[in-house]
Structure formats: structure tokens, C-alpha cells
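Here's the structure we're looking at; comments come further down.
The values are calculated or read from the model by the stated rules, or taken from the named source; none is laboratory data. All figures in this text were calculated on a predicted structure; none of them were measured in a lab. Every residue, glycine as well, gets a Cβ built from its backbone with ideal geometry; the counts of neighbours run over all protein chains shown.
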Amino acid sequence: MTKVLEAVPNFSEGRDMQKVRALVDVISTRDVDVLDWSADPDHHRAVVTYIGDPRAVEDASVAGAAFALEHIDLRHHEGVHPRVGALDVLPFVPLEGTVMDEAVASAHRVGHEIARLGIPVFFYGRASEPPGRALSLLRAGGFEGLRDGFAEDLPADLPKDSRRAHPTAGVTCVGARDILLAWNVFLVGIDLQGARDIAGRVRERGGGFKGLRALGLHLEDQDRVQISMNLEDPIGTSPLDVFAFIEKEVAARGGRVTETQVIGMIPDTLVHPAAVDRLLLSDFGPARVLSRRVAEHVSNRTSGHTETSEHTE
């Protein structure tokens, strides 16, 4: 049986495109398919999506961590997105022929390798013990809040004796999870405070939709306002319902929604033409659909083909 594991690391670099492309090149040489990558200067963040045999994905992930350690210095990093590490977040997602326990095992193996580089590691999601630790808990206070030491009630998982973040690379949050939807909804006629108010109402923690995390942000370089979201279960919680709620709240404040941007790959729940039109999805195409790319990857591996396909935003 062909086993496919997905990794979606988030790196704290979104402005130096030469550096981001070099990072993608390092990952792509490790016998994985890089499905997508994107970088945003306001978030100052790059997201890379790749799939492959679990051991190849682990190897690529450690290579990415080593690159981030060498080339990203958080002491000189500012962006609108919360971050605690040069390689900030590294989730593993079980796909074809792979189960969650295997993704957790990959997360733990890679976590140990990253710790050997001298970077403290916190496990989250299904990889934490007990499972379910939230990223928001780990990111509270950001990189700056970790430089003087970890809280006594939240020590790093690895190395066991670590007391503070790496001086330039911070810490890395390594997790295992199911497929989620990372998306941004852009607004006009709404200021930053209005976007924050709406984000507060729509997110689960504010009494909104289950499994939804949301932030209201202003992107200075683009001079645009967005609600940036992660939806943990896009099957159990309909993205269309979330969008309709946001659209109604925005309209009540005299604004409108102009565009929806998906970060990374697009789950099947958004593939239907009605959803594409309703959500005002930008940059939609077959190369962005996760299930299609996984099927192509499996077909290439089982037929002995080695070529890879890369989509660039």
C-alpha cells in the first residue's frame, strides 16, 4: 500500500523571496512533491505544502528546520501573524494509506531531530500528551515572551532540560492533525477594529463556529483588511455558513466581502462550482485541489515515475 503523509510548515519569512525560494528548493530535493507554497510580506510568513512517503516527508521537514535555523533571525522579525519560531509550526497530516497514529509518530521523530539542532520543541494537536494542546496556548506572548524562559506550567517537550527559546530561531510547534482549511476573507468599508470585532464573534472561543480560529488584521503593505482563519473541520463546520455569517456582519457595518484566499491546498468541501462562486475564491484551479494532487502523486509512485509537480502562488 502506498502511504502518503502531508506536511504544511509555516516559516517566519515572507519578504525575502530569494530566501523563500531557496527554502522551497531545499525541501523539494528530499524526494517529496511540493504541492504549493506562498509568502506574504504583511504576515511575514511562508507556508509550504508537500507530500510523500512518511520518511521522505520527515527528512524534508528536518531539512527545512535546519534551513530556518541558519537563515531566519526572529530578533529582526515583525509581522501581523503571531509567531514563536523561525520554523513556527509544523503539522503532519495523514492522507492516503496513513492513519493518525503514524502522523503522530512522524511528528515525534521530527521533533527529536529538531531538538537536536538546539531548538526547543512543543508538541500540539494530536501529537501532544494529552492530545489536543492548542497553538494559541503556545503562542501567547510570542517569541519575545519566550526569550527570558518558559512558564513553569508549560515547559518545552524537547529537550527536556531546555529553559528558554533559541536566541534567533525561537521554538518550533510540531503537531499532527486532520485536513483543515486555512483561509483569509478580505473586506472593504470595514476598519481594523471592525474586523477584530467580527473575528471575535465568528471564532469558537467567542461563541461562534466550532473549530474556527479567527483574527482581524490590517495588511499595511497592501492596505487591506482581512479576517484570517483556520477551520479545523471543514466537513463538520460548513465554510459556506462561516462565510455567510461574516458577510452578514460586514454588511451590517456598511462594508462588503471582496475575496476569499485559501492558503495551501483546497479541500474537497470547496471544490464544487457553487462554493467557488459563493466564496469569491481567488486562484482556484485543479492544481490547488488536494485530493487530485494526492491521486496524481500515488499514480506516479505506483507506476515508477519520479517527476514532481509544483504550483507556485
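Structure data summary
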| quantity | calculated |
| --- | --- |
| Sole exception among (1) more than 27 Å from GLU78 (Cβ to Cβ); (2) assigned to a helix (DSSP H, G or I); (3) out of contact with any Ser or Thr (no Cβ under 8 Å at 6 or more places or on another chain) for GLU129, by number | (2) |
| Test: residue in segment 238-245 that is closer than 22 Å to ASN10 by Cβ, touching a helix residue (DSSP H, G or I) at 6+ places or on another chain (Cβ under 7 Å), among the aliphatic types (A, V, I, L, M) and not in a strand (DSSP E or B) | yes |
| Residue tally, condition crowded, with 18+ Cβ neighbours inside 10 Å and either part of a loop (DSSP other than H, G, I, E, B) or in the same structural domain as GLY125 (by TED's automatic domain parsing) (or both), over segment 210-231 | 0 |
| Looking only at segment 67-88, and only at residues there that are in contact with a Gly (Cβ under 7 Å, 6 or more places away or on another chain) and hydrophobic (A, V, I, L, M, F, W, C), the one that is surrounded by the most Cβ atoms within 10 Å (Cβ to Cβ) | LEU87 |
| Flag for THR269 being in contact (Cβ under 8 Å) with a residue 12 or more places away in the chain and assigned to a loop (DSSP other than H, G, I, E, B) | no |
| Filtered residues of segment 149-170 (kept if surrounded by 14 or more Cβ atoms within 10 Å (Cβ to Cβ), small (Gly, Ala, Ser) and without any contact (Cβ under 8 Å) to a residue 60 or more places away in the chain) | ALA156, SER162 |
| Residue check for GLY64: surrounded by fewer than 19 Cβ atoms within 10 Å (Cβ to Cβ), at pLDDT 95 or above, in the same structural domain as PRO155 (by TED's automatic domain parsing) and not aliphatic (A, V, I, L, M) | no |
| Where a residue in segment 39-53 is in the same structural domain as GLY14 (by TED's automatic domain parsing) and its partner, wherever it lies, is basic (Lys, Arg) and surrounded by fewer than 23 Cβ atoms within 10 Å (Cβ to Cβ), with Cβ under 7 Å and at least six apart | PRO41/ARG15; HIS44/ARG15; ASP53/LYS3 |
| Some residue of segment 114-134 being crowded, with 24+ Cβ neighbours inside 10 Å and either of a type in the set (Ser, Thr, Tyr) or at pLDDT below 95 (or both) | yes |
| Some residue of segment 77-98 being within 19 Å of ALA7 (Cβ to Cβ), more than 18 Å from the chain's Cα centre (by Cα) and without any contact (Cβ under 8 Å) to a residue 60 or more places away in the chain | no |
| Exclusive hit being β-branched (Val, Ile, Thr), without any contact (Cβ under 8 Å) to a residue 40 or more places away in the chain and under 27 Å from GLY175 (Cβ atoms), set ILE246, ILE227, ILE235 | ILE235 |
| Subset of segment 41-61 (residues that are assigned to a strand (DSSP E or B) and either surrounded by fewer than 22 Cβ atoms within 10 Å (Cβ to Cβ) or among the β-branched types (Val, Ile, Thr) (or both)) | VAL47, VAL48, THR49, ILE51 |
| Residue among HIS76, HIS44, HIS71 that is closer than 19 Å to GLY170 by Cβ and at pLDDT below 95 | HIS76 |
| Number of positions in segment 1-35 that are crowded, with 16+ Cβ neighbours inside 10 Å, outside any loop (DSSP other than H, G, I, E, B) and either at pLDDT below 95 or out of contact with any helix residue (DSSP H, G or I) (no Cβ under 7 Å at 6 or more places or on another chain) (or both) | 5 |
| Given (1) outside any loop (DSSP other than H, G, I, E, B); (2) over 29 Å from THR302 (Cβ atoms), index of the condition HIS81 fails | (1) |
| One residue from ARG139, ARG75, ARG109 being touching a strand residue (DSSP E or B) at 6+ places or on another chain (Cβ under 9 Å), in the same structural domain as ARG55 (by TED's automatic domain parsing) and not small (Gly, Ala, Ser) | ARG139 |
| Tally, over segment 240-278, of residues that are over 21 Å from LYS210 (Cβ atoms), surrounded by fewer than 16 Cβ atoms within 10 Å (Cβ to Cβ) and acidic (Asp, Glu) | 1 |
